[in-house]
Structure formats: C-alpha cells, structure tokens
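Here the structure comes first, spelled out in structure tokens, and everything after it is commentary.
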Amino acid sequence: NAGVMQNPRHLVRRRGQEARLRCSPMKGHSHVYWYRQLPEEGLKFMVYLQKENIIDESGMPKERFSAEFPKEGPSILRIQQVVRGDSAAYFCASSPDQGAQETQYFGPGTRLLVL
Amino acid sequence: GDSVTQMEGPVTLSEEAFLTINCTYTATGYPSLFWYVQYPGEGLQLLLKATKADDKGSNKGFEATYRKETTSFHLEKGSVQVSDSAVYFCALSDGTSGSRLTFGEGTQLTVNP
C-alpha cells in the first residue's frame, strides 16, 4: 500500500511565478491536510480538505494561496505570485477518517525555493 | 487556542544515554497526543500516540505517558542510538477540525558514538 505521495520533491520558482504542489493521499483516505514548515520552525496547519470540499482553511494566507481536492486526481496547493517568504517545506498528510484519535500519515514534502 | 510547548534544543547525547524530551500542552476538551520523528530531508513519521489520560504510547524503545494533571506528554528512551538522531515533534489533535494537528517547535536530537 503506497504511502502519501507528493510531487515535485523540490521546486524552484522566481518571484512572481506560480507554484503548484501535488499530493496523492494513501489509498482509501479521503481526508487531506496541508502544513507548512518554515526554516528552523515547526509545522503549521494550513488547510483541511475532503473530496471536493474545503473544510477548514483557517491557516491559509488570505491572498495568493488556494487548495483543492477534486473528485478525481490529487490534491493541489497553489501559490500565485510567489515571494521569497514562501520558501518553505510543504507537507501533505492524509487520514482515513476524522477525529482526534485518527493518525495522520505524512508525505515526504515539497521543498519550495523562491529566488 | 491549542498550543504545544517542547523543550528547546538542540540536544546532544552519547550513545546509550537516557533521553527525555519535555512536552506540555494547552487544549480544550480531551485531545489525543502524538510524537512524530523527522529524519533529514524526509517527511514526518508517527513514533507513538496516546488518546486518553494515563495511556502510555510506546514504539522502538521510546515511550510517553499522557498526564492530564500536568498536561504533559514527555518522550523518553532508556538507551539512545546514533540512528535516533532526528528532529522530534510533539503534537496534539482535539478533533475540532477533522484530525488537524497542532505541533510544537521540534527538538533536534544528535547522538554521538
């Protein structure tokens, strides 16, 4: 059973370009979470999605960031007009169900570098 | 809101030493508590978890006990190995937004031979 997959693993963008990060959850998991890890910091929650629905986006910056989890295909985190401060590792996690007791399984992350 | 506080790192130990990484939390309700480990350049792996007070999570020689009275979930291992060198994150989930996790800042552990 393949784990959570993310691609690309590394992404370099120039200021003003768009970044698209992809996440395929574990088979059978319908709950997806995105987290951001800034250098030398812990992970911060960004958004929680179920198939075709954004459930909680309270951790997403109000501008330039968006996320989706379509009926078919991977979840996408999109960053428009990137700035240097967006440089970070972005991790996706999935769980089979919701609730405090559920374990989240993490992907290897996408490391975004904005030049 | 929820928060997790970990002891500041980095922590450097010699092989076979005893390890403690402190973790305390603030949360509403009855959260579940987790320890995740991150090896260089990789994602997070679940190390252990506890879902209710007085539960003890254990895995690979690591253990942590959910102490509601002190709101703590300290990680311990009796004899560390070089291969345990990694960053350790304490986290909680209160179930208010799916299984959303609130993380501590992480503790870098280096074990020298």
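The values are calculated or read from the model by the stated rules, or taken from the named source; none is laboratory data. Owing to the predicted nature of the structure, the values given are computational and were not obtained by experimental measurement. Here Cβ is always computed from backbone atoms with ideal geometry, including for glycine, and neighbour counts include all displayed protein chains.
Output the strands (runs of 3 or more DSSP E) that fall wholly within segment A:27-115 and possess 2 or more residues being closer than 30 Å to B:Met7 by Cα and within 14 Å of the chain's Cα centre (by Cα), or say none.
Answer list for segment A:27-115: A:31-37, A:43-50, A:88-95, A:110-114.
So which residues in segment A:52-74 are within 13 Å of chain B (Cβ to nearest Cβ) and either surrounded by fewer than 16 Cβ atoms within 10 Å (Cβ to Cβ) or aromatic (Phe, Trp, Tyr) (or both), if there are any at all?
A:Asn53, A:Ile54, A:Ser58, A:Phe69
Residue-by-condition table, conditions (1) modelled with pLDDT under 95; (2) outside any loop (DSSP other than H, G, I, E, B); (3) among the polar types (S, T, N, Q):
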{"site": "B:Thr12", "(1), (2), (3)": "no, yes, yes"}
{"site": "B:Glu16", "(1), (2), (3)": "no, no, no"}
{"site": "B:Lys49", "(1), (2), (3)": "no, yes, no"}
{"site": "B:Ser97", "(1), (2), (3)": "yes, no, yes"}
{"site": "B:Glu105", "(1), (2), (3)": "yes, no, no"}
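Would you point out the residue of segment B:22-37, among those that are part of a strand (DSSP E or B) and more than 9 Å from chain A (Cβ to nearest Cβ), that is surrounded by the fewest Cβ atoms within 10 Å (Cβ to Cβ)? Before the answer, list the steps.
Looking only at segment B:22-37, we keep the residues that are part of a strand (DSSP E or B), and these are B:23-26, B:32-37.
If we keep only those that are more than 9 Å from chain A (Cβ to nearest Cβ) too, we end up with B:23-26, B:33, B:35, B:37.
Values: B:Cys23: 24, B:Thr24: 17, B:Tyr25: 21, B:Thr26: 13, B:Leu33: 28, B:Trp35: 25, B:Val37: 21.
Ranking the qualifying residues of segment B:22-37, first place goes to B:Thr26.
Which ones in segment B:81-90 are more than 18 Å from B:Ala27 (Cβ to Cβ) and either within 15 Å of the chain's Cα centre (by Cα) or in a strand (DSSP E or B) (or both)?
Quick first cut of segment B:81-90, residues more than 18 Å from B:Ala27 (Cβ to Cβ) only: B:81-88.
Within segment B:81-90, B:Asp84, B:Ser85, B:Ala86, B:Val87, B:Tyr88 meet the criteria.
Pick from segment A:66-115 the residues that are touching a Lys or Arg at 6+ places or on another chain (Cβ under 7 Å) and without any contact (Cβ under 8 Å) to a residue 24 or more places away in the chain: which of them is farthest from A:Ala2 (Cα to Cα)?
A:Ser66
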